[in-house]
Amino acid sequence: MSLQMSRRNSCRVGICGNRASSSEWHARRRGSSCSYFSSGAQSDDFSVSLSQPIFTITLRFLLAIDLWLSKRLGVCACEESPWGSIRPLVRLVELSGHVIPWLVGTLYTLFRGETVVEQEIMLNLALALLLDLLLVRVVKTLVRRRRPAQSRSDILSTFFVERYSFPSGHATRAAMCARFLLAQMVDTASMRVLVLAWAALVSLSRLLLARHYVTDVGFGLVMGYCQYSLVERLWVTWDCLQDLLLLRLRERLNRI
């Protein structure tokens, strides 16, 4: 009799153990879909020792604040996040700051432009977008900061999201394009507000979707703002472009 009771108890314990292990597996599976908020999402060591230089201590302290604030703002990192219901809308705002729509729209307006002034503005905007891509790629290659953990449900992010995080290309593009539009094309107060609001929302979307850290977006905004000053100095006029093309044509004719 005691042997049968012990067998029943052992079977109950085995069943309970299997249920517990299955519940743990489901919990881990749910947590892996939004790994940005997991405790192992970031493996950086921010331990501080008093024997370290004051600069190192300050830098580690600022990086810890950056990581904490970025995690708090990533409320749309996946569908299970606190604001996961508005994730499609935030991704639409993110797409509005991507380089491909901007380049396609700029080139289309350049070739369909009716006046020389309009074509000149679109030409310099296209060159500014290419300059932004080049500078951001150089800085990212030099810094090589890892991105936060991405949501596994994003299919397009596998092809369009770059490997490195610092600085945010969307933030640099938003700041540069906003300043470009305000200086060259926008002349009403309402449109100025819309342009500034768009740049702010695009930059905020990178934090809500947990694509970047706060310092990535902040530095990207400053970098994009300064890029327009370089674009102004390197401004290509339509007459200068025609003279350059004629000069190249004459050189080829002379060679022939």
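The values are calculated or read from the model by the stated rules, or taken from the named source; none is laboratory data. Note that this is a predicted model, so its numbers are computed, not measured. Heads up, the Cβs are rebuilt from the backbone with ideal geometry, glycines too, and the neighbour counts pull from every protein chain shown. Calculation scope for accessible area: heavy atoms of the full protein, side chains included, ligands and nucleic acids excluded. Shrake-Rupley method; radii C 1.70, N 1.55, O 1.52, S 1.80 Å.
Only one of (1) within 22 Å of R72 (Cα to Cα); (2) modelled with pLDDT under 90 fails for E114. Which number is that?
Failing condition for E114: (1).
Residues to consider are A199, A210, A183; find the one that is among the small types (G, A, S), open to solvent by less than 20 Å² (accessible area, probe 1.4 Å) and part of a helix (DSSP H, G or I).
Every option except A199 fails the conditions.
Does the stretch 90-101 contain at least one residue that is surrounded by 15 or more Cβ atoms within 10 Å (Cβ to Cβ) and either of a type in the set (F, W, Y) or more than 22 Å from W198 (Cβ to Cβ) (or both)?
No - not one qualifying residue is present in the stretch 90-101.
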